[in-house]
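For reference, the structure discussed in these notes is given below.
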Amino acid sequence: MIMSALLKSLLLFVSLYTAFWRPAVKSPAVKWVLGKDCTLKVNGSTNINKFSCIIPDYPKPDTLTIYGPDQNEPVQITGSMVLDVQSFDCHNLMMTKDLRRTLKQKEFPKIRISFINLSKYPDKGGEAELIKGTVNIELAGIKKRYSINYRTIPSGKAKLTLIGSQTINFSDFDIVPPRRLGGMIKTNDMLSAEFVLKVNILN
């Protein structure tokens, strides 16, 4: 009798557990294709003026993979964009040469931005919003992790613009800011970096 009662209790527990428990369903991964109109801009200053340098386009499209895009929680990303230091244009020949040399272009010709996560998946087809994310930036042979502030601008369900911004320093990458005229013109250590991602969404 006791064994029978225990068996009935066990069967009831299993049936209730099966009825109310459902395995978590993970959303399928989504692919983001970075378009050629992606850009990277850095704004800085010297003791006498300000400057702005830009990589104006991204000729080699790359793909990012987003995991868990339909959940209202942080999403993971794999993938990166790789930019040529040679492509920086400061709209001033001397300044452009100085920046490329300062970033050790000959030894480290590429800048790599590897995407780690977003605080949430951007609202599909909704309003512009502010979200956060994490990236690794590899420059001049040094890799640093940064928290990025994004403004996301959807365009229908298949296109998205992300404008990411963060303050970085030359010294983060063991780089000495450029100087001219025997040190009379000194570039400040801090830079304001902004990258614009133009994304085509593949479901």
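Here are a few things to note about the model shown:
- Test: residue in the stretch 173-183 that is over 19 Å from residue 52 (Cβ atoms), surrounded by 17 or more Cβ atoms within 10 Å (Cβ to Cβ) and free of Cβ contacts under 8 Å to residues at least 40 places away in the same chain: yes
- When residue 106 is tested against (1) within 30 Å of residue 72 (Cβ to Cβ); (2) surrounded by fewer than 13 Cβ atoms within 10 Å (Cβ to Cβ), exactly one condition is not met: (1).
- So residue 75, is it under 17 Å from residue 142 (Cβ atoms) and surrounded by 16 or more Cβ atoms within 10 Å (Cβ to Cβ): no
- Filtered by the rule that a residue be closer than 30 Å to residue 178 by Cα and loosely packed, with under 13 Cβ neighbours inside 10 Å, the stretch 58-72 gives 59, 60.
- For the stretch 184-201, a residue qualifies if it is among the β-branched types (Val, Ile, Thr) and surrounded by 15 or more Cβ atoms within 10 Å (Cβ to Cβ), and the qualifying residues are 187, 196, 199, 201.
- Of the strands (runs of 3 or more DSSP E) lying entirely inside the stretch 77-185, those carrying at least 1 residues that are within 16 Å of residue 44 (Cα to Cα) and either of a type in the set (Ser, Thr, Tyr) or touching a strand residue (DSSP E or B) at 6+ places or on another chain (Cβ under 9 Å) (or both) are 159-169.
- Qualifying positions in the stretch 33-56 - loosely packed, with under 13 Cβ neighbours inside 10 Å and either closer than 20 Å to residue 84 by Cβ or in contact (Cβ under 8 Å) with a residue 12 or more places away in the chain (or both): 36, 37, 47, 48, 56
- Pick from the stretch 88-101, criterion of a type outside the set (A, V, I, L, M) and either touching a Phe, Trp or Tyr at 6+ places or on another chain (Cβ under 7 Å) or buried (at least 18 other Cβ atoms within 10 Å of the Cβ) (or both), ranking: farthest from residue 164 (Cα to Cα): 98
- Figure legend. Inter-residue proximity from the stretch 126-154: first residues at positive phi, second residues among the aliphatic types (A, V, I, L, M) and assigned to a loop (DSSP other than H, G, I, E, B), beta-carbon distance below 9 Å, spacing 6+ or different chains. Indicated pairs: 140/103; 140/175.
- Restricting 102, 96 to residues that are modelled with pLDDT under 95 and closer than 15 Å to residue 174 by Cβ narrows the list to 102.
Each row is one residue, and each column tells you yes or no for (1) among the β-branched types (Val, Ile, Thr); (2) at pLDDT 95 or above.
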site: 58; (1), (2): no, no
site: 61; (1), (2): no, no
site: 67; (1), (2): no, no
site: 70; (1), (2): no, no
site: 74; (1), (2): no, no
site: 78; (1), (2): yes, yes
site: 81; (1), (2): no, no
site: 85; (1), (2): yes, yes
site: 88; (1), (2): no, yes
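The values are calculated or read from the model by the stated rules, or taken from the named source; none is laboratory data. Since this is a predicted model, take the numbers as computed values, not measurements. Cβ coordinates were reconstructed from backbone atoms using ideal geometry, including for glycine residues, and neighbour counts include every protein chain displayed.
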